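Read the structure below first, then the notes.
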Amino acid sequence: VPTATDGHVTTFDASSPDCNQNVSGGVCNAIDFTNYTNTITMNNGIAVSGDITLGSGMTAVGASQLSINTSANITSNGYIWPLQFLFGGTSQTYTLQDDFTVSGFVATGNGNFINDNGTAKILYASGSYTAGAGGTFGTAKIILNGTGTLLSSVPTSSVLYNDFEINTSGTIT
């Protein structure tokens, strides 16, 4: 079983079968779905303490979130993550390697950065965005482009410092 600190990358490739993540507290150092063409069912969340690479041919279903809690790179390879994505930790820097679309995202912790990699990278949230204490900073543009809730249950100290845009025909509460 991978751990957050063992240095191993959990890799799903073309020969990996469907996966049912049904263990609470699932963690790994880094996760790579680059060549995965099957389905991961997220019945429980996975906390990643390293880079996250999604695969364009994969499918993710379920009700739990994928979360990242240490400074790392995030590569979507064009895959739209259909579940909630959590940026956790405190004073971490998350670098988007390409445009990244998620169903909803949460930024917890204190003073996390969501950056691009030197070119215009965007975090699209087709659902809700919830910020944690201390605010979210960085160079990546954040666009809400669906129906959802902005900054729900937000502490008074939470501020979004990224370039931010609401671009939807849906309803943002």
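The figures follow:
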{"item": "Filter result for Ser157 (surrounded by fewer than 17 Cβ atoms within 10 Å (Cβ to Cβ) and at pLDDT 85 or above)", "result": "no"}
{"item": "Residue list for the stretch 13-25, restricted to those being part of a loop (DSSP other than H, G, I, E, B) and either touching a strand residue (DSSP E or B) at 6+ places or on another chain (Cβ under 7 Å) or more than 18 Å from Leu66 (Cα to Cα) (or both)", "result": "Asp13, Ala14, Ser15, Ser16, Pro17, Asp18"}
{"item": "Matching entry among Ser71, Ser56, Ser49, Ser64 (being closer than 29 Å to Thr139 by Cα, open to solvent by 20 Å² or more (accessible area, probe 1.4 Å) and in contact with a Phe, Trp or Tyr (Cβ under 6 Å, 6 or more places away or on another chain))", "result": "Ser56"}
{"item": "Residue satisfying all of: in the stretch 13-36; closer than 20 Å to Asp98 by Cα and over 15 Å from the mean Cα position of the chain (by Cα); most open to solvent (accessible area, probe 1.4 Å) among these", "result": "Asn35"}
{"item": "Subset of the stretch 44-63 [at pLDDT below 95 and either among the charged types (D, E, K, R) or in a loop (DSSP other than H, G, I, E, B) (or both)]", "result": "Asn44, Gly45, Ser49, Gly50, Ala63"}
{"item": "Search result, residues across the stretch 126-149 that are under 15 Å from Ile74 (Cα atoms) and either in a loop (DSSP other than H, G, I, E, B) or open to solvent by less than 30 Å² (accessible area, probe 1.4 Å) (or both)", "result": "Gly138, Thr139, Ala140, Ile142"}
{"item": "Residue that is nearest to Gly26 (Cα to Cα), among those in the stretch 74-92 that are β-branched (Val, Ile, Thr) and crowded, with 20+ Cβ neighbours inside 10 Å", "result": "Ile74"}
{"item": "Residue count for the stretch 74-117, restricted to those that are at pLDDT below 95 and touching a Phe, Trp or Tyr at 6+ places or on another chain (Cβ under 6 Å)", "result": "11"}
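The values are calculated or read from the model by the stated rules, or taken from the named source; none is laboratory data. Not measured: the values here are computed from a predicted model. Counting neighbours? That spans all protein chains shown, and the Cβs are built from the backbone with ideal geometry, glycine included. Ligands, DNA and RNA are stripped out before the accessible areas are found, and what is left, the full protein with its side chains, is counted by its heavy atoms. Shrake-Rupley method; radii C 1.70, N 1.55, O 1.52, S 1.80 Å.
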